[in-house]
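> Attaching a single structure in structure tokens format; questions to follow.
The values are calculated or read from the model by the stated rules, or taken from the named source; none is laboratory data. Since the model is a prediction, treat every value here as computed from it, not as a measurement. Glycine also receives a Cβ, built like all others from the backbone with ideal geometry; neighbour counts cover every protein chain displayed.
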């Protein structure tokens, strides 16, 4: 019932737009007996207001959908980074940072894997 709420809000906005347009046309036809100009104004303005009003509902639904996607992505990032942090800290607690050249975990320069930074001979 409460899953994919963003998609449901977007559908609700579209349905409300269609209902608003249909209601405007029906009311305009009823007013046709009174005045043709009033009929046209009601049909056009009612349809436009329903359409513009649906922007807010559909936009809100889009925000909810995107928020759900971002939360899922952040959970994946959190799981992956938590694993890496746990792995490197627990495997060997002397590693404090990564080598800029080979990306190995080291505790001091020069890197024991690649020798970075090499001392320049002057």
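> Which one of the conditions (1) more than 30 Å from residue 27 (Cα to Cα); (2) at pLDDT 75 or above; (3) under 33 Å from the mean Cα position of the chain (by Cα) does residue 106 fail to meet, given that it meets all the rest?
(3)
> Out of curiosity, is residue 75 under 29 Å from the mean Cα position of the chain (by Cα), surrounded by 11 or more Cβ atoms within 10 Å (Cβ to Cβ), part of a helix (DSSP H, G or I) and at pLDDT below 90?
So residue 75 fails the test.
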